[in-house]
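S.K.: Quick one: this structure, given as structure tokens, is what I'll be asking you about.
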């Protein structure tokens, strides 16, 4: 009985396996560190507009960057779309990206692309302070994240220390303000007994549910919560710290074209599409991100990017997190 | 022997990779990474966690196996299936569910609880398989000599299940060393967390590889220590006549209170995370349930895990048999090598296979066979330990008699050895299947592009913050584990009669 079962099951499994394995034939292969819900609609629009077929492989940005590094010149990827500039910077450092054509990237502000144009940002996100207006009146809101070390915030702050965007923000502070100031800020935050959450969206939820007074997050989680539970149930608000405050860091999700790709022209078309008006509108309206193409409006309720917003740093430098993690650990936050 | 050696070499590929990556830039960098006070402290923490979880899992696994196999626990056949299922729950899902209900949950105790709840089946499944097949005559003999049921259990049965329980705990220990999901979400600063962080932070694969090597050294230490405790006991009965169906131990007035054990454990390990996911689904106004897609992912999961289980169990047969029958040093080394992949973080094993397939088997890269192979490297020890456990129960004299009567080795294997070790192979395959179901890092890196499993669906939903969308695939993930565990308990019954 058992043998007969195995005799039927094994060939069936093998047949199914070959069927699963034979679904290829794409024109472009994309490694995406961005979540599928953010990427898929754009891919469908691109396929419709150009007739090219894209097959996407999803993963975490850092792990895909490591995978691309391991693949080296034998990479299967034509384009790498990463969640943050740091992952792009690391692949660039290994010399695995080729330049994106000038006419494609020139629409993007220099601030949001690599020095040699080996990658470019396609959509932006700002660090914000999410707060519960029932607990924090507008007059009390901090002008800078540096104010959050004041004793009055003790026990009221939420952070996500294991989260990549929090770590990028600390890295930006480190680059822009130097180590002594960053260290004392981290010590101050630690002294204020912050509450630790595993992710940004849970902080926003907690602020909305009255569990924390304010938290350090990316701007779009509040908008996501709004569309998830409805506008009327969303009490929490975003507060934008001013000017070049590290708390106002604008990071990007961006793309690079692999030097080893044999489909350079199609890859460039893909990047061009991501920077085109329809795609940029999609990022703005559906993902609530900042469009990086001038002239495309931000989502309702989201103030547009300011010219000098955030600390003046090179986003590719956010790749080097070692120092940041050391600091976070030595101050006991991680 | 040659077969077993080949399997062991395949299992050691990640080690070669780590050596290549770690050795690539002079020894001072190696020293810099290794001789940090922090490295030592983290290693100690990881080992402490692994020891605690293994101990607790051994107690829970043995107790549940005894309750559900040997006692007249109400509904014991259903419980036998249910208590094995937490193995299919990804640790990051369980941890995330706990933290989302109780924010600030962090550190040793919550990590210990979550990991124990998810890994005791490593002990439960092999022990239950052995209990099912232990000759009750031995226990009867003890009873007839005046021992009470509990004393007889302790003096006779416990000794019989000791090897299975010990290897099960070893698997738990190695699994805990490699786990990343629970430790990262519950912020327990462990060694694996540092390995992952060094991938995520510096994007430099070297420090991670050096730390991986260190983890490897400690794994070898644990494996050697475990081998020493095995001793030279023999576990098979003498001359074996027809085996009688053991009569269940009457729990008397404890029959219903004893039910609390499986109820609480299944409640925490299965119902709590799945219930939380379902609550998210109910709360969310925009959850998108794409049934067709989840169905396809379910199919792909079953195919990949099924093939992974079949290939791994087959590979485990020569290794497990060799380890049980041969006392040679080489046999020991071969069997131990099979355990290495299980202690390494999934990302390390996955990257090592990226490295080797891109360079040496390029056409196969990101094709299903390589993913199946990765499952084999990661989970070989689960099947090896199970095969080993049942091979110990099978008296080698039977093979020897058959050989002396002129049967060829292959025939002996087919007619004598295979039926005897079949329960172990089956239990091993089931363990591997349950573990493959939830596998994430290798599936993401090595699966064909566009290939989706239930685990990757759960992951992409949580990544998107759409926790409600994770509910259905997570439920299916656990449901997919029902069939193999149920088949195992059925098989146990039919061979016993």
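S.K.: If a/c stays under 1.5 just call it rounded; otherwise compare a/b with b/c (prolate if a/b is bigger, oblate if not). Do that for segment A:64-165, with a ≥ b ≥ c from the square roots of the Cα gyration tensor eigenvalues.
M.R.: prolate
S.K.: What is the distance, in nm, between label points placed 7 Å from the Cα along the Cα-to-Cβ direction at residue B:403 and at residue B:483?
M.R.: With each label placed 7 Å out from Cα toward Cβ, I get 3.9 nm.
S.K.: Only residues of segment A:153-196 count here: report those whose backbone N is under 19 Å from the spot 7 Å along Cα→Cβ of residue A:326, or say none.
M.R.: Under 19 Å, as judged by backbone N against the label point of residue A:326, lie A:167-187 of segment A:153-196.
S.K.: Same structure again: Could you list the residues of segment B:310-347 with an amide nitrogen less than 20 Å from a label point located 7 Å from the Cα of residue B:16 in the Cα-to-C-beta direction?
M.R.: Backbone N within reach: B:312, B:315-316, B:319, B:333-347.
S.K.: Ignoring everything except DSSP H segments at least 4 long, calculate the 222 nm mean residue ellipticity for chain B; use -39,500 (n - 2.57) per segment, divide by total residues, nearest 500.
M.R.: Helix contribution divided over all residues of chain B: -23500 deg cm²/dmol.
S.K.: Among B:311, B:401, A:271, rank each residue by its count of other Cβ atoms within 10 Å, from fewest to most, as a rough exposure measure.
M.R.: Neighbour counts put them in this order, fewest first: B:401, B:311, A:271.
S.K.: What nm value, rounded to one decimal, do you get for the distance between residue B:158 and residue A:191 when each label is placed 7 Å out toward the C-beta?
M.R.: Label-label distance for residue B:158 and residue A:191, simple model: 5.5 nm.
S.K.: Now a separate question. By count of other Cβ within 10 Å, fewest leading, how are B:173, B:71 ordered?
M.R.: In increasing order of surrounding Cβ atoms, one gets B:71, B:173.
S.K.: Using a basic spin-label model with each label point 7 Å from the Cα along Cα→Cβ, how many nm lie between residue B:151 and residue B:271?
M.R.: It is 3.9 nm.
S.K.: How large is the helix-only mean residue ellipticity at 222 nm for chain A, computed as the sum of -39500 (n - 2.57) over DSSP H runs with n ≥ 4, divided by its residue count, in deg cm²/dmol to the nearest 500?
M.R.: -12000 deg cm²/dmol
S.K.: While we're looking at this one, here's another question. Counting other C-beta atoms within 10 Å, which of B:361, A:173 has the fewest, and how do the rest follow?
M.R.: With the fewest neighbours first, B:361, A:173 line up as B:361, A:173.
S.K.: Could you order the peptides A:209-217, B:155-163 from most to least packed, using the average number of other C-beta atoms within 10 Å per residue?
M.R.: Highest mean packing first, the order is A:209-217, B:155-163.
S.K.: Beta carbons within 10 angstrom, averaged per residue: use that to sort the peptides B:416-429, B:212-225, highest first.
M.R.: Those peptides, ordered most packed to least, come out B:416-429, B:212-225.
S.K.: With the Cα gyration tensor of segment A:109-225 giving a ≥ b ≥ c as the square roots of its eigenvalues, does the rule (a/c under 1.5 for rounded; else a/b larger than b/c for prolate; else oblate) give rounded, prolate or oblate?
M.R.: Oblate.
S.K.: If you find the alpha carbon centre of segment B:126-189 and of segment A:117-146, how far apart are they in angstrom?
M.R.: 54
S.K.: Right, another one. Just counting partner chain Cβ atoms within 10 Å, what average do the residues of peptide A:318-328 show around their Cβ?
M.R.: Counting Cβ atoms of other protein chains within 10 Å of each residue's Cβ and averaging gives 3.
S.K.: Right, here's the next one. Within a 10 angstrom radius of each residue's Cβ in B:444-454, how many Cβ atoms of other chains show up on average? Whole number is fine.
M.R.: Mean number of neighbouring Cβ atoms from other chains: 5.
S.K.: Report, for chain A, the % of DSSP beta bridges that are antiparallel, rounded to 5.
M.R.: Close to 65 percent.
S.K.: Semi-axes of the equivalent ellipsoid of the protein assembly as shown: what are they in whole Å, largest first, if each equals the square root of 5 times a C-alpha gyration tensor eigenvalue?
M.R.: Rounded to whole Å, the semi-axes are 49, 29, 25.
S.K.: Which whole-angstrom value gives the distance between the alpha carbon centres of segment A:26-82 and segment B:376-435?
M.R.: Going from one Cα centre to the other spans 44 Å.
S.K.: If you don't mind, there's one more thing I want to ask. Counting partner chain Cβ atoms within 10 Å of every residue's Cβ in A:71-80, what's the average?
M.R.: The per-residue average across the peptide is 3.
S.K.: So how far, in whole Å, is the C-alpha centre of segment A:258-334 from the one of segment B:301-349?
M.R.: 44
S.K.: Taking the highest mean first, how do the peptides B:131-141, B:461-471 order by number of other beta carbon atoms within 10 angstrom per residue?
M.R.: B:461-471, B:131-141
S.K.: Something else about it: Specify whether the C-alpha gyration tensor of segment A:197-332 places it in the rounded, prolate or oblate class, a ≥ b ≥ c being the square roots of the eigenvalues: rounded for a/c under 1.5, otherwise prolate if a/b is larger than b/c and oblate if not.
M.R.: Note, shape of segment A:197-332 comes out oblate.
S.K.: Determine by what factor the alpha-carbon radius of gyration of segment B:106-190 differs from 2.2 N^0.38 Å, reporting the quotient.
M.R.: So segment B:106-190 has a normalised radius of gyration of 1.47.
Since every read-out is calculated from the coordinates, none of them should be taken as a lab result. Computed from a predicted structure; not experimentally measured. Cβ: placed from backbone, ideal geometry, glycine included. Neighbour counts: every protein chain shown.
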